[in-house]
Amino acid sequence: MTRTLWDSSVGKKTVMAVSGLIMLLYLVVHMIGNLKIFFGSGEFNHYAHWLRTMGEPFLHYEWALWIVRVVLVAAVVLHATSAYQLSRRDIRARPASYVHRKPRAGYATRTMRWGGIILALFIVWHILDLTTGTVHPGGFQSGHPYQNVIDTFSTWYGNTIYIVAMLALGLHVQHGFWSAAQTLGAGNAARDRALKALANALALVLTLGFISVPVAVMTGVVS
Amino acid sequence: MKLTLRVWRQKNADAPGAMSTYEVDGISRDMSFLEMLDTLNEELILEGDDPVAFDHDCREGICGACSLVINGDAHGPERTTTCQLHMRSFEDGDTIDIEPWRASAFPVVKDLVVDRSAFDRIIQAGGYISAPTGTAPEAHATPVPKPDADFAFEHAECIGCGACVAACPNGSAMLFTSAKINHLNVLPQGAPERETRVLDMVDRMDSEGFGGCTLTGECATACPKGIPLPSISAMNKEWLRAVRKVRR
Ligand code: HEM
Ligand code: SF4
Ligand code: FES
């Protein structure tokens, strides 16, 4: 069954849809968590600490966090690998384009590949910035995420990278969520409008929720 | 009507092709698109030129043989087959671009004719039912719920023209394959091969070199028979069900 899944274009697309939905679920939770920054450094830092003690005493310190990290890395790797392989197949299947070209499909649909690449680069920068602190502007203090977030969003490039990536995320989720429903066999004519509306709502809420943080730092609402 | 045609000319599968420009005059608005091409070909033959090769058979929109990309649209600007497209959809003085279906699984044979035998091989892989021969069975012996009959009918309308593949930026045959699978899988007559049908046909579709689905929706927009995009989702559902059920 594993081989059938990975060898078939329909199966690989299933891998892509499931890994995408796992990341999407994580992002919704992550976005809600980020909004705690509006309640001050005490609450935000405490929340970040709780992420490490989550699951105790059943789990040891940071175990739950590591489980989440392993699942996410697996999802990103599977998603990117299947995206790459499916895209190669698609390009090979249509080598010559028409002489008479027409503007095709919506913006979100056409930008899935470039948007995905932007998101992949963003994920790397984001981890190096706020998780490991490797490229963090100013002194990175682990255990003090509130200050770290303010430092990042006090630079013009921090804001630019973040906001561009979140716009790309919104487009990716808008087409991605609806696509995943079709891929997993949940699409039908009666449900189509509801699924599209849900995809649009998810994309909008995620993008606005994430972008509210740098905007709040820029405007001094959070400092 | 007087028209300028830019037509893809290609001697054979291996020769390079290019667009050639022709002028045609005296075209009636009531002619079909293929009759307009017949007029061009008669002139070409009189001048001693090679006529433009294109596929056609029934010329009444039911066989699926005709296949032209007209001004970038598979089957042209109306939602119908090329043979049922009429010149009243164009204006006097228009320039019309005519190209063959483009997909690596549909290689050009000559001019506007492509080889669509990959579709036949997808059908051979599972687009049939096993029925005992002999007298036709009593029609009421196998009840089919109305919604299922409607669903089967909607998908049985596919004429296998390949416009879906031509329109898809990935050269994907998912709309065609889903129409064939959904048509039979929903009916009791198709039940014995329900799982193997979807697995084998999707497998064949992949090995013929068609692309995957990115839910662009161009196929359903081009389809002259109105096979809807969610048909692909229904096929995916059948496929996922079959993978879980069948051990191979
Ligand atoms: C590593 C970075 C990423 C890359 C390279 C990437 C690439 C892609 C590509 C190219 C597609 C469309 C391919 C196709 O239609 O065949 C796609 C679909 C999708 N992506 Fe991503 N993406 C990335 C990150 C994400 C993230 C962070 C999410 C979470 C929200 C996500 C969710 C989805 C979903 C739900 C789909 C639809 C799957 C389907 O069509 O069934 N992706 N991705
Ligand atoms: S699905 Fe529509 S476009 Fe595709 S082969 Fe069938 S009739 Fe033609
Ligand atoms: S020639 Fe038969 S459908 Fe057009």
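Within segment A:72-100, residues that are at the interface with chain B (Cβ under 7 Å from one of its Cβ atoms) and more than 7 Å from ligand 1 (Cβ to nearest atom) reach partners that are open to solvent by 40 Å² or more (accessible area, probe 1.4 Å) and not small (Gly, Ala, Ser) with beta carbons closer than 6 Å, at six or more positions or on different chains, in the pairs A:VAL99/B:MET19.
Of the residues screened, B:ARG244 is not one that is more than 8 Å from chain A (Cβ to nearest Cβ), basic (Lys, Arg) and either crowded, with 20+ Cβ neighbours inside 10 Å or assigned to a helix (DSSP H, G or I) (or both).
Say we look at segment B:151-180 and pick out the residues that are away from ligand 2 (no atom under 11 Å from the Cβ) and away from chain A (no Cβ under 11 Å); which of these is farthest from B:ILE98 (Cα to Cα)? It comes out as B:ALA152. Counting only residues that are within 22 Å of the chain's Cα centre (by Cα) and surrounded by 14 or more Cβ atoms within 10 Å (Cβ to Cβ), segment A:98-112 holds 5 of them.
Condition test on B:CYS83, is it within 16 Å of ligand 2 (Cβ to nearest atom), outside any loop (DSSP other than H, G, I, E, B) and open to solvent by less than 20 Å² (accessible area, probe 1.4 Å)? Here the answer is yes, as B:CYS83 does meet what is asked. Of the residues in segment A:2-19, at least one is closer than 27 Å to A:GLY176 by Cα, open to solvent by less than 40 Å² (accessible area, probe 1.4 Å), within 14 Å of the chain's Cα centre (by Cα) and away from chain B (no Cβ under 14 Å).
Selection of segment A:76-97 for residues being under 30 Å from B:HIS75 (Cα atoms) and either open to solvent by 50 Å² or more (accessible area, probe 1.4 Å) or out of contact with any Lys or Arg (no Cβ under 8 Å at 6 or more places or on another chain) (or both) yields A:ARG88, A:ARG89, A:ASP90, A:ILE91, A:ARG92, A:ALA93, A:PRO95, A:SER97. Only one of B:PRO16, B:PRO107, B:PRO100 is within 14 Å of chain A (Cβ to nearest Cβ), at pLDDT below 95 and under 25 Å from B:GLY209 (Cα atoms); which? On inspection, the qualifying residue turns out to be B:PRO16. Of all residues in segment B:121-176, those satisfying the criterion of being touching a residue at least 12 places away in the same chain (Cβ under 8 Å) and of a type in the set (Val, Ile, Thr) are B:ILE122, B:ILE123, B:ILE129, B:THR142, B:VAL144, B:ILE159, B:VAL165.
Once segment B:39-60 is narrowed to residues that are under 30 Å from B:CYS158 (Cα atoms) and either among the acidic types (Asp, Glu) or within 14 Å of chain A (Cβ to nearest Cβ) (or both), the residue that is farthest from ligand 1 (Cβ to nearest atom) is B:GLU60. Considering only residues that are open to solvent by 10 Å² or more (accessible area, probe 1.4 Å), within 16 Å of the chain's Cα centre (by Cα) and either closer than 30 Å to A:VAL149 by Cα or more than 14 Å from chain B (Cβ to nearest Cβ) (or both), which ones fall in segment A:171-202? Across segment A:171-202, the qualifying residues are A:LEU171, A:HIS172, A:VAL173, A:GLN174, A:HIS175, A:GLY176, A:PHE177, A:ASN200, A:ALA201, A:LEU202. On inspection, B:HIS86 fails the criterion of being away from chain A (no Cβ under 14 Å) and touching a Cys at 6+ places or on another chain (Cβ under 7 Å). When the residues of segment B:181-194 are filtered to those that are hydrophobic (A, V, I, L, M, F, W, C) and open to solvent by 10 Å² or more (accessible area, probe 1.4 Å), the one that is nearest to the other protein chains (Cβ to nearest Cβ) is B:VAL186.
Considering only segment B:40-47, I want to know if a residue exists there that is crowded, with 17+ Cβ neighbours inside 10 Å and in contact (Cβ under 8 Å) with a residue 40 or more places away in the chain. The answer is no, given that none of the residues of segment B:40-47 is crowded, with 17+ Cβ neighbours inside 10 Å and in contact (Cβ under 8 Å) with a residue 40 or more places away in the chain. Yes or no: B:LEU175 over 23 Å from the mean Cα position of the chain (by Cα) and either under 23 Å from B:ALA105 (Cα atoms) or surrounded by 18 or more Cβ atoms within 10 Å (Cβ to Cβ) (or both)? Taking the combined requirement at face value, the residue does not satisfy it. Screening the candidates B:ALA131, B:ALA136, B:ALA152 for the property of being over 16 Å from the mean Cα position of the chain (by Cα), open to solvent by 70 Å² or more (accessible area, probe 1.4 Å) and farther than 22 Å from B:ALA65 by Cβ yields one hit, B:ALA136. Among the residues of this structure, A:PHE140 counts as one that is closer than 27 Å to A:PHE44 by Cβ, hydrophobic (A, V, I, L, M, F, W, C) and in contact with a Gly (Cβ under 6 Å, 6 or more places away or on another chain). Scan segment B:195-235 for residues that are at the interface with chain A (Cβ under 7 Å from one of its Cβ atoms), open to solvent by less than 10 Å² (accessible area, probe 1.4 Å) and touching a residue at least 40 places away in the same chain (Cβ under 8 Å) and jot them down. Across segment B:195-235, the qualifying residues are B:PHE210, B:GLY211, B:GLY212, B:ILE232. Applying the set (1) within 14 Å of chain A (Cβ to nearest Cβ); (2) open to solvent by 40 Å² or more (accessible area, probe 1.4 Å); (3) within 13 Å of ligand 2 (Cβ to nearest atom) to B:CYS63 leaves exactly one unmet item: (1).
The values are calculated or read from the model by the stated rules, or taken from the named source; none is laboratory data. Since we're looking at a predicted model, the values are computed, not measured. Ideal geometry is used to build each Cβ from the backbone, glycine not excepted, and the neighbour counts take in all protein chains shown. To get the accessible areas, we keep the full protein, side chains included, count just its heavy atoms, and leave off ligands, DNA and RNA. Shrake-Rupley method; radii C 1.70, N 1.55, O 1.52, S 1.80 Å.
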